[in-house]
């Protein structure tokens, strides 16, 4: 199982590793874990509960909405 990091309490919609904005179409909630499509880090409000929570990613957004997902498909970012 991948390690889950705790989100930044002042910016729960941003990846704690690379600070990319994740899942911008819904308000952040502690009832979900998030996966950054720029660097692949998973983060949640309560990391120990992450295995029980649904995972939200940029893949849930409309096609073409996430700039980081386009970069990873083209090989521009990891």
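The values are calculated or read from the model by the stated rules, or taken from the named source; none is laboratory data. Every value quoted in this text rests on a predicted model; they were computed, and no experiment measured them.
Summary of values
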| quantity | calculated |
| --- | --- |
| Flag for residue 49 being at pLDDT below 80 and outside any loop (DSSP other than H, G, I, E, B) | no |
| Where residue 68 falls short, out of the listed (1) modelled with pLDDT under 85; (2) part of a loop (DSSP other than H, G, I, E, B); (3) under 13 Å from the mean Cα position of the chain (by Cα) | (2) |
